[in-house]
There are 2 protein chains.
Amino acid sequence: MKKNVIVAQSGGPSPVINASLLGVIDGCRNRNDFGRIYAAWHGVEGILKEELIDIDAESSEEIARLRYTPASGAIGTCRYKLKENNDEDYERIIEVFRAQNVGWFFYIGGNDSMDTAAKVSRLAEKHGLELTAVGVPKTIDNDIGDDKFTIIDHTPGYGSAARYWTHIIQQAEEENRAIGVSEPVIVLQAMGRTSGYIPAAARLADPKREMPLQIYLAETDHNLDSLTENVNRMLVERGRCIVVASEGFNVGSLGEARDGFGHIEYGASRTTVAQKIVNHLNDAGLKARGQATGQVPGILQRNTSLFASTVDIDEAYRVGLKAVDIAVTEGGGWMATILRDRSAAGYSIYYGKVELEKAANVARKLPADWITADGLDVTDDFIEYALPLIGNGPPPIEFENGLMRFARLKRQFISKKAPDYVPVNMR
Amino acid sequence: MKKNVIVAQSGGPSPVINASLLGVIDGCRNRNDFGRIYAAWHGVEGILKEELIDIDAESSEEIARLRYTPASGAIGTCRYKLKENNDEDYERIIEVFRAQNVGWFFYIGGNDSMDTAAKVSRLAEKHGLELTAVGVPKTIDNDIGDDKFTIIDHTPGYGSAARYWTHIIQQAEEENRAIGVSEPVIVLQAMGRTSGYIPAAARLADPKREMPLQIYLAETDHNLDSLTENVNRMLVERGRCIVVASEGFNVGSLGEARDGFGHIEYGASRTTVAQKIVNHLNDAGLKARGQATGQVPGILQRNTSLFASTVDIDEAYRVGLKAVDIAVTEGGGWMATILRDRSAAGYSIYYGKVELEKAANVARKLPADWITADGLDVTDDFIEYALPLIGNGPPPIEFENGLMRFARLKRQFISKKAPDYVPVNMR
């Protein structure tokens, strides 16, 4: 009897995570190695609670629509942290896999998820459960891997976040040029905690450096005072300024909240980086008429489907296919990966694999030599790296009565076969 | 000798304001009544300073691109308030018009701009200057007119802001469904000061009311406590909640800033409505795991060209054409307007005119009978009104090397002919 498949997602949504899910589904269906395909509802929580969606019960039309459906609403995601010594939860995963005859596990997520997949894989082996666990990378932050790009060149999700920033900065420039006489400083807060890839993408809007754009990264030692000085210098020179600041930019305490992984959750903080900057600038007094204004796009930068990159969508899909290919031909313990052929004339990538543990234990920052000496910009090397990732134009999203027609899954749960269980963190 | 034309923009940008500008330009070029076409750089400030862009010096390809170029960066806008008894500035406008042989004035803007156009028109008459001044309505707020829709059915700009909110709420639903287990409450702050048309458009994302969506308008008497109660009720029922709050929703003081018109400028306030809501919810304690998170899209809702409505773009263009038509056939003192044939089976509009004074002196709010009894939603009548305005799909924006290809004007200024002058508010 062929073993069944569980596919699950973890961590923050991205505009292309469902494309990877579709890649895994199509990859499994293209072969004869697999039994039924189940998706865990809300990631590892769904496995623990044995809430498993029967993907084979969904219509093929709706499944195909996953390609352009953003975020992770189709099968859900979670920030449930399986603790290091939380043997009980890990054992439970094995119990559910055994009860449902699951022999294949595809886990779409970031570093933490790769760590979880590796642990599940090892534990299954220990328990004599035949399980092939393969990871599918996903994070808009692009912070998986090393800064030599040998583990992964870029993560699915990043190209779309980069495209979002490219376009909103193009628009911010139209706006700032329009109304800079009375609203001279536009402050925009970008996601990315410790890793500056997302705010850096603002530069893609202006590769020739014609805009009055300044980028404040978590990786530099700028602060509110040096920012104010720089902005005022720009106001004297150009009369206006566009400020992109990482949520991890050093502005002092925000009253940060923490998510289930212990990571800072900036969206729930007591104040925002953008607000601190706006207040500091307005208090210091701008060298221009008018005031600084703040915008915090928050989740919009990780779920805006019209800003998804067609390149990113395609790669997210193919890396899902690749994960299935690895599972069948190479076995478990790997993460599928995207590598770039740097010797090629144009943009050229290929898909590969890396040990889950290796992917789990690296948190990439923007390479120091991609940041300009004044700490306010990124270099042409960054532009060369990132520009191909944003594609050229919007994806062909389907519209119906004015609305985007996203995948509508029935989400039919399969019968539970394991004993009832309450996950450790939910007791 | 044919009289020259000045076209100018005022107030906040919109994704379709340049389409109206294009309508005025094309309208003038379609007739033989006009001399040269000048655009005032940064609205009335450009007139006062005699900074006039020679539109006839621009290439026709770039002018045509105005149709899909958002915000007002092409010719600029301003929030310069011509004060009631500021005779000096008004006299200066007449002086510049006379010096540049200007006989036609098209002013694209909201209520305040219509008031300015009316005053300029009267003053020209008083001074014996032959001047035809016609207004072109523009505001994403949809707050020009009366709530019987006899002055104007809807303003160019609103359909695009409504489409922005429709789609970001569709995406927020995908996100909230995805990760509601750990980030159960998404708070999004909408523009609109006193008028609830923009936050109301969130409902268009979900006409069948399937989402856990609550809309907090400036027009209701909800407050932070009642909001918290309602959100927690939703969390008990559905486990998650999407909160859309007007920037004018009553949360107590924000430390508001004021713009040149004396209007509250929420983007520059000391804190935001979204932040106050997030903090209040997290302090009160959510009846769910996780935290509320806030997003403040700010200017993105008024300049995102991929979210511009094709219906809105077309109407913005045609109302520009109509303004020229009115100027030639009916004379000055009018604002071009969009009216709806409510007896028609489908969506059917026609263009008309209204006295500038009549347009200037009304600030429309959402009709009380379009707000549901619980003050958390809008009715089906609103949906019927607003849904046709968002169109069905994105505009055909041109892309080049990954970037949106917006109009690039040379902005060649014509020679000054009037004496030097410093505007009253800039002394």
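What follows is calculated from the coordinates using simple rules that are stated; it is not laboratory data. The structure presented is a predicted model; accordingly, all values stated were derived computationally and were not measured. Glycine gets a Cβ as well: all are built from the backbone with ideal geometry, and neighbour counts include every protein chain shown.
Using only the Cα atoms of segment A:1-128, build the gyration tensor, take square roots of its eigenvalues as a ≥ b ≥ c, and label the shape rounded, prolate or oblate: rounded if a/c is under 1.5, else prolate if a/b is larger than b/c, else oblate. Oblate, since a/c reaches 1.5 and b/c is not below a/b.
Label-to-label distances for B:G128 across copies, nearest first, come out at 11.1 nm, using points 7 Å from Cα in the beta-carbon direction. Sequentially through segment B:61-71, phi angles give Karplus couplings (6.51, -1.76, 1.60; θ = phi - 60°) of 5, 5, 4, 4, 6, 4, 3, 10, 9, x, 6 Hz, Gly and Pro residues having no value and appearing as x. Within chain A, the longest run free of GluC sites (Glu not before Pro) that sit in a DSSP loop with at most 16 other Cβ atoms within 10 Å is A:1-83. Between helix A:87-99 and chain A there is an angle of about 50 degrees, using the helix long axis and the longest principal axis of the Cα atoms. Please work out the C-alpha center-to-center distance from segment B:144-192 to segment B:244-311 and express it in whole Å. Measuring centre to centre over Cα atoms gives 12 Å. The angle separating the long axis of helix A:111-126 from the principal Cα axis of greatest extent in chain A is about 20 degrees. Divide, for chain A, the radius of gyration over alpha carbons by 2.2 N^0.38 Å, where N is the residue count. Relative to the 2.2 N^0.38 Å estimate, chain A comes out at 1.02. Among B:K81/B:K148; A:K3/A:K322; A:K208/A:K365; A:K119/A:K417, which pairs are too far apart, with a Cα-Cα distance over 26 Å? Pairs exceeding 26 Å: B:K81/B:K148. When only the Cβ of Lys, Arg, Asp and Glu is charged (+1, +1, -1, -1), the dipole of segment B:161-302 relative to its Cα centre reaches about 200 debye. Based on the Kirkwood approach, the hydrodynamic radius assigned to segment B:293-427 is 19.7 Å, with every pair of different Cα atoms included. Remark on B:E51: its backbone amide H falls under 5 Å from those of B:W41, a criterion applied only to residues 5 or more positions apart or on other chains, H modelled at 1.01 Å from N.
Here's the picture: charge each Lys and Arg Cβ at +1 and each Asp and Glu Cβ at -1 in the protein assembly as shown, and of B:H280, B:T304, B:V187 the one pushed furthest to the positive end of that dipole is B:T304. Among B:K358, B:K410, B:K208, the largest mean-square fluctuation in a Gaussian network model of chain B, built with springs joining Cα atoms closer than 10 Å, belongs to B:K208. One compactness figure for segment A:269-334 is 2.03, namely its Cα radius of gyration divided by 2.2 N^0.38 Å.
In the protein assembly as shown, helices alone account for a calculated mean residue ellipticity at 222 nm of -10000 deg cm²/dmol, with every DSSP H run of four or more residues adding -39,500 (n - 2.57).
Close amide H contacts of B:G192 (hydrogens built in the peptide plane, cut-off under 5 Å, sequence separation of 5 or more or a different chain): B:E247.
Partners of A:K358 within straight-line reach, counting aspartates and glutamates whose Cα lies under 12 Å from its Cα and excluding those fewer than 8 residues away in the same chain: A:D112, A:D115, A:D146. Once backbone amide H atoms are built at 1.01 Å from N, B:G135 has B:Y107, B:W334, B:M335, B:A336 as its partners under 5 Å, excluding neighbours fewer than 5 places away on the same chain. When the Cα gyration tensor is reduced to axis lengths a ≥ b ≥ c, the ratio a/c is 1.5 or higher for segment A:159-302, and with a/b not above b/c it is classed as oblate.
Note on the protein assembly as shown: with charges restricted to the Cβ of Lys and Arg (+1) and Asp and Glu (-1), its dipole about the Cα centre is near 420 debye.
The separation of segment A:8-79 from segment B:333-398, counted between C-alpha centres, amounts to 41 Å. Which residue, A:R203, A:R36, A:R302, has the most motion in a Gaussian network model of chain A that connects Cα atoms within less than 10 Å? With Cα springs under 10 Å in chain A, the top fluctuation among A:R203, A:R36, A:R302 is at A:R36.
Here A:K2 yields copy-to-copy label distances, from shortest upward, of 7.4 nm, the label point defined as 7 Å from Cα along Cα to C-beta. Over the protein assembly as shown, the hull volume per residue, using the convex hull of the C-alpha atoms, is 155 Å³. Structure remark: mean-square fluctuation, Gaussian network model of chain B, C-alpha springs under 10 Å; the largest value among B:T271, B:T166, B:T337 belongs to B:T271. Angle, helix B:273-284 long axis vs. longest principal axis of chain B, Cα atoms, 0 to 90°, nearest 10? Helix B:273-284 and the main axis of chain B meet at about 10 degrees. Ranked from shortest, the separations from the 7 Å Cα-to-Cβ label point of A:N361 to its equivalents in the other copies are 7.7 nm.
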